[in-house]
Amino acid sequence: MTREYSPLGEAQWPASLADMKGGFATRLNVYRTMAHNPALLKAWGPLREHIVTKNALGAQFSEVVILRTGHRMDAPYEWA
């Protein structure tokens, strides 16, 4: 059975994720969708921090890596 999950709005935000409200977790729809599984979003936080903000590549090179990966994986949404 396939389920579709829409990003959670402010009213549906789980109480267990109250400490993440207003931070990175509510900025993008991908994180709002992950909020359907609070344990997943909580576990993703530290990894995201390392990959997105505290990496050795720098912002410009990180973007090149993301775009190159999107191209290689045939992910047109990365270009949109």
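Things worth noting here:
- Separation in nanometres of the label points that stand 7 Å from Cα toward Cβ, at Leu57 and Thr69: 0.6 nm
- Whole-Hz Karplus values for segment 17-27 come out as 10, 4, 5, 9, 5, x, x, 4, 5, 9, 7 Hz, taken residue by residue from phi with 6.51 cos²θ - 1.76 cosθ + 1.60 and θ = phi - 60°; glycine and proline positions read x.
- Degrees, to the nearest 10: 59-72 long Cα axis against longest axis of the chain: 90 degrees
- For the pair Thr33 and Ser16, label points projected 7 Å from Cα toward Cβ lie 2.1 nm apart.
- Each label was represented as a point 7 Å from its Cα along the Cα-to-Cβ direction; for His50 and Ser6 these points are 3.5 nm apart.
- Neighbour net charge for Ala11 - beta-carbon separation under 13 angstrom, K R +1, D E -1: +1
- Karplus-derived HN-Hα couplings along segment 2-14 (A = 6.51, B = -1.76, C = 1.60, θ = phi - 60°), whole Hz, x at Gly and Pro: 9, 10, 10, 10, 8, x, 6, x, 4, 5, 8, 4, x
- Between the helical axis of 38-48 and the longest alpha-carbon principal axis of the chain there is an angle of about 30 degrees.
Laboratory data are not the source of any read-out in this text; all were calculated from the coordinates shown. From a predicted model like this one, the values you see are computed outputs, not experimental measurements. All Cβ positions, glycine included, derive from the backbone under ideal geometry; neighbour counts span all protein chains shown.
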